[in-house]
There are 2 protein chains.
Amino acid sequence: MIILKLGGSIITRKDKTKPTLNPVNLERIAQEISVAKIKKMVIIHGAGSFGHPHAQKYQIGSPIKNEKELARMKRGFALTQNSVKNLNHFLCHYLLKWGIPAIAVPPSSFITSKNKRIERANLEIVEKYLEMGLVPVLHGDVVLDEDEDLKMAVISGDQLVTYLAEKLHPDRIILGSDVDGIYNRDPNRHQEAELLLVVKSLEDLEFLEGARTVDVTGGMAGKLGELLKLASKGTPSEIINAGKKGILLSALKGEKVKGTLITK
Amino acid sequence: MIILKLGGSIITRKDKTKPTLNPVNLERIAQEISVAKIKKMVIIHGAGSFGHPHAQKYQIGSPIKNEKELARMKRGFALTQNSVKNLNHFLCHYLLKWGIPAIAVPPSSFITSKNKRIERANLEIVEKYLEMGLVPVLHGDVVLDEDEDLKMAVISGDQLVTYLAEKLHPDRIILGSDVDGIYNRDPNRHQEAELLLVVKSLEDLEFLEGARTVDVTGGMAGKLGELLKLASKGTPSEIINAGKKGILLSALKGEKVKGTLITK
């Protein structure tokens, strides 16, 4: 079984302030997944410009001080969920167009968190879909939080990858990003930046500036932390550039591609 | 707590073969729900032209004879789910526009059935959303079925109403339809047809032709069967015309409106 993460920056235009798809990438990525003919696969996608503007505006996951704030937060929660559901609909549309029987399993309908970490999740239905040969599609979402001050939280696609990997024991994890992998320095700011073929610890990075944007779910540092935690438990992952033609297809087929391997 | 069902025929154009919204009804209905200011409410909507054409084409819920049929059925299952998700997105959009914090909880992500009846459903998250003052929105959907020959089934909005009513014990159930209620005969075919103010048994109907259309989830007979079962357990329900201005608002406020009361 493969867990495939598709970053929000690859399926949406993350530079936009309003929800904006990247239909060129969506079409190509769906095609590459279709050609790879993977028998069992879970897809997890980020929220990109469909989620972050709402989550950031309403500061979902920050402590709620009074009733007025709670009412506003509930609105933000519902708006965020409806927007990421819309992105999920479009991704599934492209997957279905290319013959992949994609079934949405939105975290807001079966996961709750505690201090922003997944606390309860019944994965039985996800497992049943997998057994049937259907492709469960999860995504970065808002969920209810058991912490009385927070009440709600944002669960990133990366946290979902970690959680599902721990529970479902995939053979491989592929993370489709909009960069070639992890650099030791920000490649946009340092000519001498080098792509790290292997990362075993946050210390392998000279500066935590590999991410071009710092997003609401923690940017590259958060992402790497999740993946290193995963690697420490025995499941390595690969970060590849899903924005360039053919790399995702090769990675899915198990071929050696340019990218960063996160391992213990 | 109120369970409000919105029929697929009221929020979509059910006469269309392609998914088609009824934006005029959606806007007005969202406004009426908003004005009624109900504190705790679950909304369940039908699939209308977003669900029935797919479910009917792929015959979801009929026995699967071979691998080829299974592959085709899985595609139909995924297509149906993605389409009703899209309808749910639009309904939530209108609800949010009118200030109602609507949260989708799609049956395909937490319910499984056995021979087309709901068998397992963890309603904890629905209950938590209700406690928070958020409005859970469920809908007619496809789910996995434990019957080895079926493997998949369609769960109608009406079956969801019955199931949730049994588990959540609502104070009232309101069913927004596109007709004034149940007639003793088809009002389109019999001038002498009378609106039944109360129905206690299927025998109160001279002919089971109150529904203008026979849909994939069983039409009016199926609907009435579900509601009578509910009434027999002590929870009456009202069928009202949500296609006419102001009736839903009055019903939500607890005012006496034209319609049919289903009771034991």
B:K97 and B:L202 label points (each 7 Å along its Cα→Cβ direction) are spaced in nm at 4.0 nm
Report the full-extension gain for the segment B:M1 to B:D147: residue separation times 0.36 nm, less the Cα-Cα distance, to one decimal in nm.
49.2 nm
For region A:4-45, what is the accessible area per residue in Å² when the probe is 1.4 Å?
44 Å²
D for region B:45-204, whole µm²/s, Stokes-Einstein with Kirkwood Rh over alpha-carbon pairs at 20 °C and 1.002 mPa s: what number?
122 µm²/s
So what does the Cα-only Debye profile of the protein assembly as shown read at q = 0.08 Å⁻¹, as log10 I(q)/I(0), no solvent term?
-0.52
Given a Förster distance of 45 Å, the FRET efficiency implied by the Cβ-Cβ spacing of A:Q59 and B:D186, rounded to the nearest 0.05, works out to 0.25
Where in region B:89-111 does the amide nitrogen come within less than 20 Å of the point 7 Å from the Cα of A:R120, taken along Cα to Cβ?
B:103-111
Partner aspartates and glutamates for B:K128 [C-alpha distance under 12 Å; skip if fewer than 8 residues away on the same chain]
A:D145, A:E146
Accessible area that becomes buried as A packs against B, both chains, 1.4 Å probe, Å², nearest 100:
3300 Å²
Just to be sure I understand: of the beta bridges DSSP finds with both ends in the protein assembly as shown, what percent are antiparallel, rounded to 5?
35 percent
What residues does region B:125-169 have that are buried by at least 30 Å² of accessible area in the full protein assembly compared to the chain on its own, 1.4 angstrom probe?
B:I125, B:K128, B:Y129, B:M132, B:L134, B:L144
Would you list the P(r) distribution for region B:61-112, with all Cα-Cα distances sorted into 10 Å bins from 0 and each bin expressed as a whole %?
21, 37, 25, 13, 4
In vacuo Debye scattering of region A:64-153, one point per C-alpha: log10 I(q)/I(0) at q = 0.13, 0.16, 0.25 Å⁻¹?
-0.51, -0.72, -1.22
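Helix-only estimate, please: 222 nm mean residue ellipticity of chain A, summing -39500 (n - 2.57) across DSSP H runs of length 4 or more and dividing by its residues, to the nearest 500.
Details: 8 runs with 101 residues, N = 264.
Only helices count here, giving -12000 deg cm²/dmol.
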Percent relative contact order of chain B, based on C-alpha pairs within less than 8 angstrom and at least six residues apart?
22 percent
If I take the Cα coordinates of region A:1-53 and project them onto the principal axes, what are the three extents in Å, biggest first?
37, 19, 10
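The values are calculated or read from the model by the stated rules, or taken from the named source; none is laboratory data. Just so you know, these numbers come straight off a predicted model, no measurement behind them. Backbone-built Cβ (ideal geometry, glycine too); neighbour counts: all protein chains shown. Ligands, DNA and RNA are excluded from the accessible area calculation, which covers all protein heavy atoms including side chains. Shrake-Rupley method; radii C 1.70, N 1.55, O 1.52, S 1.80 Å.
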